[in-house]
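Down below is the structure, laid out as structure tokens.
Every read-out reported here was derived from the displayed coordinates using simple, explicitly stated rules and does not represent laboratory data. Remember, it's a predicted structure, so these values are computed and weren't measured experimentally. Cβ placement follows ideal geometry from the backbone for every residue including glycine, while neighbour counts extend to all protein chains displayed.
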């Protein structure tokens, strides 16, 4: 250790024997982001279409962006828009920092395959969407019923009562009707 380091440490000791805190980076002259540039990034990110969580709707406030683009692609779009208008542009690191710290946004990656009808409707052109619209709207209405039934089942299952449920199990050729506490019945195959 050099003499200069020891001398600096001793010079920071107060009369009561307490060492002064580290003041590195606390000079108050840090570079700041122009508020207009920061606001342009926030406005651009807010303009991106969001997708509601498919799996945890009731449990999270996180929003999702289609996974067709990466954060770098989104920044490129922002940069092109600002250059086209002749306006100042935030750096990539500033854009990423604002995206990651000021927004609760993630890229949507489905946990399982999506419904064929939903995907076909989503990827179709405007004319095909018109042809599919009635079928798609009916499909959306039908998706609500099982979710409501599941919520009702959860609310009825308070953990204090024991309910017996029957279930069907299927092997290659038969359906098995399983009733807890009784025998197994074989139903003819639906195939």
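Structural remarks
- Per-peptide packing, taken as the mean over residues of other Cβ atoms within 10 Å, places 126-135, 93-102 in the sequence 93-102, 126-135 from highest down.
- R0 of 41 Å, Cβ-Cβ distance residue 81-residue 10: FRET efficiency to nearest 0.05: 0.15
- Rounded to the nearest 0.05, the FRET efficiency derived from the C-beta distance between residue 70 and residue 155 at R0 = 41 Å is 0.50.
- Label positions at residue 144 and residue 91, each projected 7 Å from the Cα along the C-beta direction, are separated by 5.0 nm.
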